[in-house]
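First up is the structure itself, then whatever we jot down about it.
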Amino acid sequence: MNVSIPTLLSDTEITEIDAEVAHLPTPAAAAIDALKIVQEHRGWVSDGSIKAIAKHLNMSAAELDGIATFYSMIFRKPVGNKVILLCDSISCWIKDCDGLQKKITQQLGIKAGETTADNEYTLIPVTCLGACDKAPVLMVGDDLHENIDEKYLQALFSNRPVEDE
Amino acid sequence: MPIIQIDGQEHEVDTGQNILQACLSLGLDLPYFCWHPSMGSVGACRQCAVVQYQHAEDEHGRIVMACMTPVTEGALFSLTGDKAQRFREGIVEALMLNHPHDCPVCAEGGECHLQDMTVMVGHRDRKYRGKKNTHHNQYLGPLIHHEMNRCITCYRCTRYYNDYAGGTDLAAMAAHDHIYFGRHEEGVLESEFAGNLVEVCPTGVFTDKPLVHEYTRKWDLQSAPSICTSCAVGCNTSPGERYGKLKRIHNRFNADVNGYFLCDRGRFGANFVNSVNNLNYPGSRTEDGRFNALDQQQALLKMAEACDTNNIAGIGSPRASVEANYLLRTLVGADNFAPGFSDVEQPLVELALTIQQSSSAMIADIKNIESADAILILGEDVTNTAPRIALALRQSVRNKAYELAADLGLESWQDSAIRTLAQNQRSPLFIATVGDSRLDDVAEERFNLAPDDIARLGFAVAANIAGEANLGSDDELQQKAKNIAKALKNAKRPLIISGTSCGNSALMESAAQVTQALCNADKQPLPLLSMIVAEANSLGQAMLISDNAVSLSDLTARACAGALETLVVLENDLYRRGKEKDINELLENITNVIVIDGLDNRTLSASSLALPAANFAESEGTLVSMEGRAQRHYPVYLPNAQRRASWHWLLACLKQMGRDEVTEIECFDDITQACATQNSSLSGITTAAPNHQFRNIGVKIPRQTHRYSGRTAMRADISVHEPKQPVDKETPLAFSMEGLNRSQPGSLLPFVWAPGWNSNQSLHKFQSEVGGQLKLKGGTAGTRLLQATDNSNNIALFESPAAFKALKGQWQMVPRHKIYGSDELSVHSPAIAKLVRPAFVEINASDAKKLGVNDGDGVDLNDNKGDKLTTLEVSINDSIATGCVGYSVGFIATENLLAGESLVLSKAENWSPSESQQAVSSGVSDV
Amino acid sequence: MSLDRPLTRNVRADKSPTYFTAYEANGGYLGLRAALGKLSPDECLKIITDSNLRGRGGAGFSTGMKWSFVPKKGDSTGHRYLICNADEMEPGTFKDRLLMECDSHQLIEGMILSAYTIQADVAYIFIRAEYPYATKILREAIAESYANGYLGNDILGSGFNLKLYVHVSAGRYICGEETALISALEGKRANPRAKPPFPQVSGLWGRPTIVNNVETLCNIPHIIERGADWFKSLGITEDAGTKLYGVSGRVKNPGCWELPMGTSIREILEQHAGGMEDGYQFRGLLPGGASTDFLVEEHLDLAMDYETIAKAGSRMGTGTMIILDDKTCPVGFVKNLVAFFARESCGFCTPCRDGLPWSTQVLNELELGRGRKEDMATLAHHVSFIGDMGNTHCALAPGAMEPLGSAIKYFREDFESHITNGCCSYAVQESEVIT
Ligand SMILES: Cc1cc2nc3c(=O)[nH]c(=O)nc-3n(C[C@H](O)[C@H](O)[C@H](O)COP(=O)(O)O)c2cc1C
Ligand code: SF4
Ligand code: FES
């Protein structure tokens, strides 16, 4: 994908970040909040975004990058418009989430960590989503989908052309 | 002191230690990685596991990390217990999963802590069958080589770089077994103390880049105890040589001075000794300017002949040894001896000495500095004028944290707990300088003022402490002064730092006044004072001369009057000491200009007779550091070609002339002795280190390791016969691997090594924890020549100067020192040369507007008569006071500028930045 | 209103959220009204201590005792913090989500009371990133509480002030460990911290801090309102109160129920979860999330409480069980867990950072039929090397080794047959191959 990511923070981003900074002892303490805010607006956190946030929070890019790369829900690489969070933890594994993942791969043509060619979806296997009684589960964007079976999956991505690998 | 039991043996240990420290202090071998004596414990590597038993009947015990377990009376431990040993082996096995087996080509091989620990725990066979993780390496600049695959994730690098040294551009990235230590993106590491990573990293992730390119293993390096000559702090170093070349500088532990760490100028700047511009043979210059090589004897005869006159003068050097300067003074007579400072600097160095000699404060060494809990800096940009002190100050500001920790019962080694507790609370550091500084991030407040205004602030603080608050009418200044005074008064151990680098005596005097006011308040322990001077032996020079010693301009006057026939210049590039036209005038009016120096420079080029001086790594000498510590450096290897120690040339010349003063002098120690006898301030220098007769349990101290290899082979291209090793008659050290390197005085420790401990971590085998300071068993190196005097009447009362007023159309020149570029020699080290930025002038935005210049434009600097002195690139810096201009000191392009003078500035037309690109001062850079 | 199911009394069948009016109408904020301005913090602390409430986050530490370590306020200034641990990332755990989505005011009331007891003036809810719905509900509820004077300055005229913020995590299981959570809240890498000093003394920003689980905090209003004895009377066995128990895996009716503390495993499994799915046999279970030891058939009649489960060699953990059936490969099961822990290791200490990937690699070899005899010894070594308390910096690694160690104990023949047969005989699962 070729969308250029701005290296300056937008006014909205700054306002939102400053709101977090306001109740913290140091600007740098808002590092994680700021990363999330910028990710919310831009989909992911580019090198340029790291520099811009670091500057705004009066901390070094290295320190911020150390924080950004620690957390799994901060994306340091571009992701699609929607992220599919596929639970790969134990209760879903018992209910064959591995098989589910293969089916997603078949249906969308992406493996774990990959993004569809039209930049619509990125597939990321994640830790237990706290819905083990409805296993297997996945999230698309903010929406949780439970008790996924083949039919459900078909319907979920039904508007998708099946891609060959 | 508590008694603990280790494997059934009772041991008395120091209170407040952890078990790892206790074990190492007892000489027991307990492996570890993440712990570091200067950085405390975090418990990351889990290597230092021991078994602790709850009581005598407890048969199983449980594993605890020794570094995280405080000593407590009666506690029971086992190092050798099976459980602990198996666990420790498991740790190395786990650390080695992803570690490459590249020891043969690794620049850490043979002095690798990981190798040592692997052997120590007995891990041998690899069970892991998976693939290894690999990482890519980053370019980190000319000093440090990065090889991440060797990382064992001990976190020492970032703990040192960020937490200890205040760096911000190195971080731990990612998580689980993908942890990566590096920069956000490739680039030069920003910290001036990055080089310590080489010694802090227990494997070969961060290695000495110049060494990597000229590789020699530690065991093949010949070393001698040495002193860094890059500034006046006097850090102790251990240079390593092979094939007649200096390969690297390692830290040499001195509990009172540099501890475990050096600055990068010191570590990487010493490579000038390998310069292609070294002078290797004596020579004389003919009328047509050609330089003809002479042999030693011819040269000496010529010198003796030229010196046989009453119209003689000598210029010494603050970078040459006490002994060489003393002999030069002997040769020319005290009345004809100029110490070699610039006219501006000379009275300031003398003042620095006077203030310290008469102060009732404690003259601070670095260990003292680290104990300070409120600090006022008047004028010095410490990172650039005495770098190692800046690293110490970063520790001083943590005293607040230790204080809070003590309230909670935390020991000082509980590193992360203390950081958590204290967060950003620091002991107050007030910085008053002419512009921003690299310590600003830990300063309570910083004041960027013209030098005279810094002095006024200092005097106001002093008055405030003394209770004479009503001084002057400047309310703002008074308020600032009041805050500072309060912090200093409330502190247990206040520290005042000032020095000569601003070229302003008033601010030094104000520092003396503040200190005295604190002393008068009867503080115990004594308040601390630190006066920074510029060069390795500046203070020694001041001690050697009497008040009102001859200055350079005095000599120029004499020369112009035709009263000088011969001038002997000792290790001094005069063009760095005065305006070009003045130096030309001096040299052109003298028939015989004899220069003793090691590296080509303009003064050498102007000489009629040149004698090649051995550098610090090739000679012995005593240097007096800024805190008045006399310390000795020793030849690491014999001087190449016909180079000789300066003292050697001078002594030979005096002998040749048959001078009485030297009839009794047969060796180096005799010079030291004679100098000490004749100069009461220097009387202590004889004890700076043992004399040449010292023997370590009957034998000499080897410069070479037990495993030194290839003594025959290394010269096989010249001769297949191994030459007889040179005999060293001057020192207790031997050019050999025979002898005893153990428990000797700290001043005679060439390198550290102990059985099973090939890395620099072997140091603890040379330390004792008695008194809790990890002092060297053989005692600390060096002799303090300055003691606090309890005669407070000694100190003169100084006057506050008038407020600085910007002159219309003129700017006051304020020096901006640069760790890379301002000193004479380190810039000849190729790695350092790469870090030198072009010379510049700094002015604030409003002054720039007045001048009509922007960042990157050029300005002409003209004197009052309208003569152009130089043209420099503008760098806008709002921290510079209005009416002042900061200029980078010590660069060719700025040699004609004097601190404190007022100049007329104008925008340079048709100026392109490339003009000022030649960064390096006199002499040629060998980049 | 159900007295024996205090925590879930407001949970409706459709799982719709309970807003302020409904919450108050149903007796909400009565505990708060009973305490603020009427009971001193010390009196509140005594009630909680007497109630024998134990932390529901997994470790089961006495809540009253934990709170008592917070230094008495005296005349000291500076903030003190209460943090609600809503990270819920322990695989197999899905109880806190329910409490937050269905009855967020209960949690808020619990937090106000807890903060009052320890005299905290700032509170945080640290919630995982993957709970956007719960986050939204909580934020709405907090706004309602502020609007109604239950949060902010001078709450109910008592002079007590409390600010409450929601912090959404950026991911990583280790953030659930209380000291790592504090690091994360400070905006840093979530490395756990060495103890002592404990957070109660030096926690968030170096100030006294209490971290409690969502379920723990939800109990507080009821205990304050009805008293310690009432709370103790709820439990069947020694341990007090009710507990949210959950079951997942191949059972007929997986789910989460509030039951008296000490309900037997069999009752939970058979009555509430409806027993095994048709065609599946029970082989074992992890009683309370991924980091607990397996229990097997012989343990089914044990009471699900802290003491009983501990005596059986496991831990009650979060009380949400994961069932291993006869068609699921125990080696694959454990591999999934260990791989999870390896991925979620913070990377600070050696046994966890490097040991867990190694264990995963060995288990993977076994699954692929490439196991060797000596691998059993390697795994056994790991169980103690990585798992023994004190060997690592925090409890993640020991937790990771609990299922492995106990699986080797109860299902050893499965491990060995992988090696002798050179393959996994449970063909149902197509485990993803780690290369
Ligand atoms: C690796 C690890 C992860 C944890 N995750 C959680 C969690 O997600 N939620 C939780 O409440 N407690 C979690 N805990 C337990 C917390 O450290 C802490 O004990 C708990 O929040 C205390 O609350 P309680 O006393 O109310 O149980 C975790 C512990 C560890 C070691
Ligand atoms: S046990 Fe694991 S998660 Fe815990 S500190 Fe060590 S590396 Fe981090
Ligand atoms: S040295 Fe003790 S844990 Fe690293």
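Checking the Cα-Cα distances for C:Lys66/C:Lys409; B:Lys131/B:Lys209; A:Lys36/B:Lys400; C:Lys15/C:Lys243; B:Lys808/B:Lys907 against a 26 Å cut-off, the pairs over it are C:Lys66/C:Lys409; B:Lys131/B:Lys209; A:Lys36/B:Lys400. Kirkwood radius and radius of gyration were both taken over the C-alpha atoms of region A:82-156, and their ratio Rg/Rh is 0.93. When cysteine pairs in chain A are screened for C-beta atoms closer than 4.7 angstrom, the residues that find no partner are A:Cys128, A:Cys132. Rg over Rh for chain A works out to 1.04, both radii taken from alpha-carbon positions and Rh defined as the Kirkwood radius.
The listed residues A:Thr115, A:Thr122 rank as A:Thr115, A:Thr122 when sorted by accessible area, largest first, using a 1.4 Å probe.
Modelled spin-label separation between B:Ser605 and C:Leu368, with each label point placed 7 Å from Cα along the Cα-to-Cβ direction: 6.8 nm.
Just the protein heavy atoms count here, and of the accessible area of region B:598-741 at 1.4 Å, carbon and sulfur take up 52 percent. Only protein heavy atoms count here; on that basis, with a 1.4 Å probe, C:Tyr306 has an accessible area of about 20 Å². Averaging the Cα positions of each part gives two centres, and for region B:48-72 and region B:353-410 these lie 37 Å apart. The mean number of partner chain beta-carbon atoms within 10 angstrom of a residue's beta-carbon across peptide C:191-200 is 4. Across chain A, the relative contact order, built from alpha-carbon pairs under 8 Å that are at least six residues apart, equals 19 percent. Heavy atoms of the protein chains alone define the surface here; on that basis region A:82-156 has 35 Å² accessible area per residue at 1.4 Å probe size. Normalised by the number of residues in chain C, the mean separation of alpha-carbon contacts (under 8 Å, six or more apart) gives a relative contact order of 16 percent.
Each peptide in C:348-357, C:380-389 gets a packing score, the mean of other Cβ atoms within 10 Å over its residues, and the list from highest to lowest is C:348-357, C:380-389. The base-10 log of I(q)/I(0) for region C:242-322, evaluated at q = 0.14 Å⁻¹, reads -0.36 [Debye formula, identical scatterers on Cα atoms, solvent excluded].
When the solvent-accessible area of region B:362-526 is split by element, carbon and sulfur atoms take up 42 percent of it, the probe being 1.4 Å. For region A:122-148, state which residues have at least 50 Å² less accessible area in the presence of all protein chains than in their chain by itself, taking the probe as 1.4 Å and leaving out ligands, DNA and RNA. Residues losing area: A:Thr127, A:Cys128, A:Gly130, A:Cys132, A:Asp133. Applying 1/(1 + (r/R0)^6) with R0 = 56 Å to the Cβ-Cβ distance of B:Thr80 and B:Ser358 gives a FRET efficiency near 0.45.
Residues B:Arg707, B:Arg493, B:Arg265 ordered from highest to lowest accessible area at a 1.4 Å probe: B:Arg707, B:Arg493, B:Arg265. With respect to chain C, whose longest principal axis is taken over its alpha-carbon atoms, helix C:356-367 is tilted by about 40°. Given axes a ≥ b ≥ c from the Cα gyration tensor, I'd like to know whether region A:11-70 is rounded (a/c under 1.5), prolate (a/b larger than b/c) or oblate. Since a/c reaches 1.5 but b/c is at least a/b, the shape of region A:11-70 is classed as oblate. Would you jot down the residues in region C:159-177 that end up with at least 40 Å² less accessible area in the complete protein assembly than in the chain alone, with a 1.4 Å probe? For region C:159-177, once contacts with the other chains are taken into account, C:Tyr165, C:His167, C:Ala170, C:Arg172 lose 40 Å² or more. For the chain pair A and B, buried accessible area totals roughly 800 Å², probe 1.4 Å, rounded to the nearest 100. Rolling a 1.4 Å probe over the protein heavy atoms of chain C, with every protein chain left in place, gives an accessible area that is 52 percent carbon and sulfur. Between helix B:82-95 and chain B there is an angle of about 50 degrees, using the helix long axis and the longest principal axis of the Cα atoms. Considering only Cα atoms, the convex hull volume of chain B works out to 176 Å³ per residue. Between C:Ser425 and B:His60, the FRET efficiency estimated from the beta carbon spacing at R0 = 41 angstrom works out to 0.60. Globularity index of region C:6-233 is 0.93 (Cα radius of gyration / 2.2 N^0.38 Å, N = number of residues). Approximating the spin labels as points 7 Å out from Cα along Cα→Cβ, the A:Ser158-to-B:Gln693 distance works out to 10.5 nm. About its Cα centre, the dipole of chain C is roughly 1080 debye, where the only charges are +1 on Lys and Arg Cβ and -1 on Asp and Glu Cβ. Placing dummy labels 7 Å off each Cα toward the beta-carbon, the span from B:Gln787 to C:Lys38 is 7.5 nm. Interface size, chains A and C: roughly 3800 Å² of accessible area buried, both sides included, 1.4 Å probe, rounded to the nearest 100. Averaged over the residues of B:94-101, the number of partner chain Cβ atoms lying within 10 Å of the residue Cβ comes to 3. Accessible area per residue was computed with a 1.4 Å probe on protein heavy atoms; B:Asp867 scores about 90 Å². Remark: region B:501-620 carries 28 Å² of accessible area per residue (probe radius 1.4 Å; ligands, DNA and RNA excluded). Relative contact order, whole percent, for region A:82-156 stands at 40, derived from Cα pairs under 8 Å and 6 or more residues apart.
Among the residues of B:150-159, the average count of other protein chain beta-carbon atoms within 10 Å of the residue beta-carbon is 2. Applying the criteria of a DSSP loop state and at most 10 other Cβ atoms within 10 Å to the trypsin sites (Lys or Arg not before Pro) of region B:121-163 yields B:Arg124, B:Arg126, B:Lys131.
The candidates B:His648, B:His706, B:His113, arranged from most to least accessible area with a 1.4 Å probe in the full protein assembly, appear as B:His706, B:His648, B:His113.
Restricting region B:34-138 to GluC sites (Glu not before Pro) that sit in a DSSP loop and have at most 16 other Cβ atoms within 10 Å of their own Cβ leaves B:Glu57, B:Glu59, B:Glu73. Summed over both chains, the contact between C and B buries some 3000 Å² of accessible surface at a probe radius of 1.4 Å. Principal axis extents of the C-alpha atoms in region B:268-322 (largest first, rounded to whole Å): 42, 29, 22. Semi-axes of the equivalent ellipsoid for region C:80-184, computed as √(5λ) from the eigenvalues of its C-alpha gyration tensor and ordered from largest down, come to 24, 15, 10 Å. In region B:128-146, the residues that give up 20 Å² or more of accessible area when the other protein chains are added, compared with the chain on its own (1.4 Å probe), are B:Tyr128, B:Arg129. Of the whole protein surface, B:Tyr260 contributes about 40 Å² of accessible area at a 1.4 Å probe radius. A straight line joining the Cα centroids of region B:473-528 and region B:214-251 runs 38 Å. Projecting the Cα atoms of B:Val624, B:Val595, B:Ser680 onto the charge dipole of region B:568-702 (Cβ charges, centred on the Cα centre) puts B:Val624 farthest toward the positive pole.
Packing-based ranking of B:206-214, B:651-659, B:386-394 yields B:386-394, B:206-214, B:651-659, ordered from highest to lowest mean Cβ neighbour count within 10 Å.
The antiparallel fraction among DSSP beta bridges confined to region C:6-233 stands at about 10%.
Which values of log₁₀ I(q)/I(0), to two decimal places, follow from the Debye formula for chain C at q = 0.07, 0.10, 0.11, 0.14 Å⁻¹ with a uniform point scatterer at every Cα? Reported log10 I(q)/I(0), two decimals: -0.35, -0.70, -0.84, -1.28. With a Cα cut-off of under 17 Å and a minimum spacing of 8 residues unless on different chains, the lysine pairs in region A:82-156 number 9. Volume per residue of the convex hull around the Cα atoms, evaluated for the protein assembly as shown, comes out as 203 Å³. Taken as Cα centroids, region B:718-772 and region B:853-883 sit 52 Å apart, rounded to the nearest whole angstrom.
For region B:624-696, the list of GluC sites (Glu not before Pro) that fall in a loop by DSSP and count at most 15 other C-beta atoms within 10 angstrom reads B:Glu664, B:Glu666.
The values are calculated or read from the model by the stated rules, or taken from the named source; none is laboratory data. The shown structure was predicted, so the numbers you read here are calculated from the model rather than taken from an experiment. Every residue, glycine as well, gets a Cβ built from its backbone with ideal geometry; the counts of neighbours run over all protein chains shown. For accessibility, only protein heavy atoms count, side chains too; no ligands or nucleic acids. Shrake-Rupley method; radii C 1.70, N 1.55, O 1.52, S 1.80 Å.
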